[in-house]
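Here the structure comes first, spelled out in structure tokens, and everything after it is commentary.
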Amino acid sequence: MNTRGDFNVVISDWLDDKAGRGAPDYLDEILARTTRTRQRPAWSSLERWLPMQTTLRFAPVPRLAWLLVIIALVAAVGVALVAVGSKTRQLPPPFGLARNGTIIYGGNDQDIYALDPLTGATTALITGSSSDQRPWLSQDGTTLMFLRDTTVIDPVVGGLEPMIMVARQDGSDVRPLTGALANLIDAKWSSDGSKVVVSSDVDSKPRSRSSRLTARPSCS
Amino acid sequence: MQLELVERARRGDHDAFAALAGAALFRLDAAARLILRDPDQAKDAVQETLVRAWRDLPTLRSPERFDAWLHRLLVRACIDEARRLRRHRFDVELTPIDTAATNDHASSTAERDQLERGFGRLQPEARAIIVLHHYLDLPLPEVAIALGIPLGTAKSRLHRALQSMRAALDADSRPRAELSEGRLA
């Protein structure tokens, strides 16, 4: 037993000798058990469906791969920081920054005009024989509300009762929102531009009511 | 021939399985006796192995690897059996009475005893790897497959098991040599 080879031979011989030659006599017992045992269906083994390796060898990961992973992570963090830092916070209307837009106003000729503050140019939006005044843009700037004199005479103050009209901000699609209003006190847009709240006298008593724009003038 | 039997047994042919079991029984029983060092335990392990083999044979993907698969089942059954009994039994190792070697026969007997003791001190898992390689003559790649471990692990485990056996033999033989030289007298 001086060398490894000798020792292996000794071990093999000894095991062979120790194992003996006698045949076991319990095969019938085993077969009796197997006849009572049902075989598992082939599909019940997960290994038949999923390719899997039952032994696992860990491959060494080269240092360069780790370095590339770290560089990629640092770059990703940098990009994320730049993206977050440079992003301008945009508030939804009506709280966002105002854009340079037209100023809508009522002219002394009872027509509605738009003034471009950058160029100073004036454009007539709503003209005609009717008497239109006091325009208000909705807060999103898409819809215009203004007063138009009706032919109904106010019984208290004696003037013509106004009605509220709406139009697109460019003066198109003009249509009435209310009928003649007695002693109109105020009118305001709701913040989402879907309704107009009107305060006026009803039967000689001040009342407020809201009128919904069932179909808003479409934006161009 | 064996491949055909395996294919038939996979399809539920019990006679084919009986032929396979009969051919493998002595080999399995001897290996189990060597691993477990107890004929009754070995019988239980072999029975469990063959019953499992019959039950799971349809799930065997590669019929040509039937033998390796059977060896794997046997090793598992042996280790399970050893663990089961380890919970209920205390092994008492008897210290050998050293006698001086006077002739070849006595020397051979003493060597066998040393091998027996060295082998007995190993864990069942280590005995299994020695039995698969040195008794069943399986090459190491097949031993690795039978044990479900990587080849490198099989090599190192076999190396450690043999080294441990050699160390046990060397330790056993030292007092005897010293006794024969009169150092302990």
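Taken together, the values in this text are just the output of simple stated rules run on the coordinates, not laboratory data. For clarity, every value in this text was computed on a predicted model and none was experimentally measured. FYI the Cβ positions are ideal-geometry reconstructions off the backbone, even for glycines, and counts take in every protein chain you see.
Data for the structure
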| item | result |
| --- | --- |
| Sum of side-chain charges, residue B:135 neighbourhood, beta-carbon under 11 Å (Lys, Arg +1; Asp, Glu -1) | 0 |
| Estimated vicinal HN-Hα couplings, Hz - the range A:118-135 in sequence order (Karplus 6.51, -1.76, 1.60; Gly, Pro = x) | 6, 9, x, 6, 10, 10, 7, 8, 10, 10, x, 7, 6, 9, 10, 7, 6, x |
| At R0 = 25 Å, FRET efficiency that the Cβ-Cβ distance of residue B:1 and residue A:42 yields, to 0.05 | 0.65 |
| Exposure proxy ranking, count of Cβ atoms within 10 Å, fewest first, for B:51, B:131 | B:51, B:131 |
| In sequence order, calculated HN-Hα J values of the range B:127-139 (Karplus, 6.51, -1.76, 1.60; Hz; x Gly/Pro) | 4, 4, 5, 5, 5, 4, 7, 9, 9, 7, 6, 7, x |
| Spacing of the two label points (7 Å from each Cα toward its C-beta) at residue A:64 and residue A:7, in nm | 4.2 nm |
| Ranked A:119, A:35, B:59, criterion: other C-beta atoms within 10 Å, fewest first | A:119, A:35, B:59 |
| 9 Å beta-carbon shell around residue A:149, net charge (K/R +1, D/E -1) | -1 |
| Protection-proxy order for peptides A:70-78, B:114-122, each taking the mean of Cβ atoms within 10 Å per residue, highest first | B:114-122, A:70-78 |
| Averaged over A:33-41, number of beta-carbon atoms from partner chains that fall within 10 Å | 6 |
| Sequence-distant residues sharing a close amide H with residue A:182 (under 5 Å, placed H) | A:201 |
| Amide H contacts under 5 Å for residue A:104, placed H, 5+ residues apart | A:115 |
| Net length gained if the chain between residue A:74 and residue A:212 were fully extended (0.36 nm per residue, minus Cα distance) | 44.2 nm |
| For the range A:30-40, Karplus couplings with θ = phi - 60° (6.51, -1.76, 1.60), whole Hz, Gly/Pro x | 5, 5, 5, 6, 5, 5, 8, 9, 7, 6, 6 |
| Residue A:161 long-range amide H proximity, modeled H, under 5 Å | A:150, A:152, A:153, A:154 |
| Residue order, fewest to most surrounding Cβ atoms within 10 angstrom, among A:103, B:149 | A:103, B:149 |
